[in-house]
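The values are calculated or read from the model by the stated rules, or taken from the named source; none is laboratory data. Since we're looking at a predicted model, the values are computed, not measured. Note that each Cβ is placed from the backbone with ideal geometry, even for glycine, and that neighbours are counted across all protein chains shown.
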Amino acid sequence: MKQINSKVAGALIFVGATQFILCMMIAECIYSGYSVSNNYISDLGKLDAPSASIFNTSVFVLGLTVVAGAYFLRQTIKNRIFLCLLILCGVGAMGVGIFPEDFGLIHFVVSLIAFLFGALSAIASYKFQKAPLSYFAVVLGVISLAALILFGQEIHLGLGIGGMERMIAYPILLWAIGFGGYLIKE
């Protein structure tokens, strides 16, 4: 039963991250004039954006699948800290879908929760994976955390606000896909 729960958790996390990446690319394409360098990711979810329904639904589904994945992992992974980090990341992502950028401070808080706890989840997952994937998880989490700190200091390294924000989000999403695949295989 534990192995089945682990596979279900992996499938949920894998599907959630993959569908979000694909839907974000679709949202970027249908938002005329959108710039991955100069626009925030969350601009895709603004209530008046042509991409709002796709983006907001997709990020909510991402969060929901992460929370559901954490639920199934509780049988396999007994580390409550890791599970709490994962749940907080998922709740943050769901919050981004419920409270788009138009909601100001609330959106900022839920975005920060998703980014921060996503990066920390990646780092904490090293205990539950074999090398070399465990090393990649730490590296991706550290890249995301470093990018979050730089982003907060308004240091964009020539990538623009959107590019730097993607340096926070993409490592977490890549980790989630890898971690999900790892759990499916186990």
List the pairs whose first member sits in region 76-96 and is touching a residue at least 40 places away in the same chain (Cβ under 8 Å), whose second member is assigned to a helix (DSSP H, G or I) and of a type in the set (Phe, Trp, Tyr), and whose Cβ atoms are under 6 Å apart, counting only residues at least 6 apart or on separate chains?
77/128; 89/117
Assuming residue 173 fulfils every condition listed in (1) more than 13 Å from residue 125 (Cβ to Cβ); (2) touching a residue at least 12 places away in the same chain (Cβ under 8 Å); (3) surrounded by fewer than 20 Cβ atoms within 10 Å (Cβ to Cβ) apart from one, which condition is it?
(3)
Name the residues in region 83-121 that are aromatic (Phe, Trp, Tyr) and either farther than 17 Å from residue 58 by Cα or in a helix (DSSP H, G or I) (or both), would you?
103, 108, 115, 117
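Any chance you could count how many residues in region 27-52 are of a type in the set (A, V, I, L, M, F, W, C), part of a helix (DSSP H, G or I) and surrounded by 15 or more Cβ atoms within 10 Å (Cβ to Cβ)? First the steps, then the outcome.
Step one: filter region 27-52 for residues of a type in the set (A, V, I, L, M, F, W, C), giving 27, 29-30, 36, 41, 44, 47, 49, 52.
Next, only the ones that are part of a helix (DSSP H, G or I) stay: 27, 29-30, 41, 44, 52.
Still in the list and also surrounded by 15 or more Cβ atoms within 10 Å (Cβ to Cβ): 27, 41, 44, 52.
Summing the residues that are of a type in the set (A, V, I, L, M, F, W, C), part of a helix (DSSP H, G or I) and surrounded by 15 or more Cβ atoms within 10 Å (Cβ to Cβ) in region 27-52 gives 4.
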Restricting to region 135-145, and then to whatever is within 18 Å of the chain's Cα centre (by Cα) and surrounded by fewer than 18 Cβ atoms within 10 Å (Cβ to Cβ), can you tell me which residue is farthest from residue 167 (Cα to Cα)?
138
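Considering each of 145, 64, 85, 73 in turn, give the residue that is at pLDDT 95 or above and under 15 Å from residue 170 (Cβ atoms). Break it down stepwise before answering.
Working: 64 fails: under 15 Å from residue 170 (Cβ atoms); 85 fails: under 15 Å from residue 170 (Cβ atoms); 73 fails: under 15 Å from residue 170 (Cβ atoms).
The conditions single out 145.
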Residue pairs within 8 Å by beta carbon, gap of at least six or interchain, first lying in region 126-148 and without any contact (Cβ under 8 Å) to a residue 12 or more places away in the chain, second among the small types (Gly, Ala, Ser) and surrounded by 20 or more Cβ atoms within 10 Å (Cβ to Cβ), listed first then second, are 134/125
I'd like to verify a number: residues in region 54-71 that are within 11 Å of the chain's Cα centre (by Cα) and among the aromatic types (Phe, Trp, Tyr), how many?
1
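Please specify each residue of region 131-186 satisfying the condition of being assigned to a loop (DSSP other than H, G, I, E, B) and of a type in the set (A, V, I, L, M). First the steps, then the outcome.
Going through region 131-186, the residues assigned to a loop (DSSP other than H, G, I, E, B) turn out to be 131-132, 153-159, 186.
Hits for region 131-186 are 131, 155, 157, 159.
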